[in-house]
Amino acid sequence: MIRFALSAALALVLPLTVACGGKEDEPGGGGEPIAAGPQLDPQVVAQANEIYVQRCTPCHGETGRGDGAASSTLNPKPRDFNDAAWQKSITDEHIEKIIKMGGQAVGKSAAMPSNPDLMNRHQVVAALKEKVRSFARK
């Protein structure tokens, strides 16, 4: 039973660690694992990773460089989360607001959509914010 629980926990966390903590030039690389931030439930981290892949990767890319498949059609271009100057200039609250309410909520592009389904999922939003922050931690 303990072996199964440990295996299940690793199955949730290991893909996220690989996706977030690989080398910059590897698929899913860039940044540190989400767990580098506040203590987050592994299931919440897995949910946030899935949301990032589904909703964020098309524009921001796997490594958070703003080079996703849809980015070439966007003006302005998606944010490069690896930009250390931007990371230092922005608060966690600002990132969380953009995640939940979209770009227009902070005077940025309407191309960054809102995610109203995340409004009351505070831990998932915190994990997504940590994912964004992780790209600059090299």
Theoretical gain in end-to-end length, Asp92 to Asp67 [0.36 nm per residue, Cα-Cα removed] | 6.7 nm
What spacing in nm lies between the two simple spin-label points modelled at Asp83 and Gln104, each 7 Å away from Cα in the Cβ direction?
-> 2.2
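Of the peptides 86-96, 50-60, how do they stack up when ordered by the mean number of other Cβ atoms within 10 Å, highest first? Mind dumping the intermediate values first?
On the way: 86-96: 13.1, 50-60: 17.4.
The packing order, highest mean first, is 50-60, 86-96.
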Output the peptides 63-69, 119-125, 104-110 sorted from most to least packed, where packing is the average of other Cβ atoms within 10 Å over each peptide's residues.
-> 63-69, 119-125, 104-110
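Every number here is computed from the coordinates shown, using simple stated rules; none is lab data. Please read these numbers as outputs of a predicted model, since none were measured by experiment. Virtual Cβ from ideal backbone geometry, glycine too; neighbours counted across all protein chains shown.
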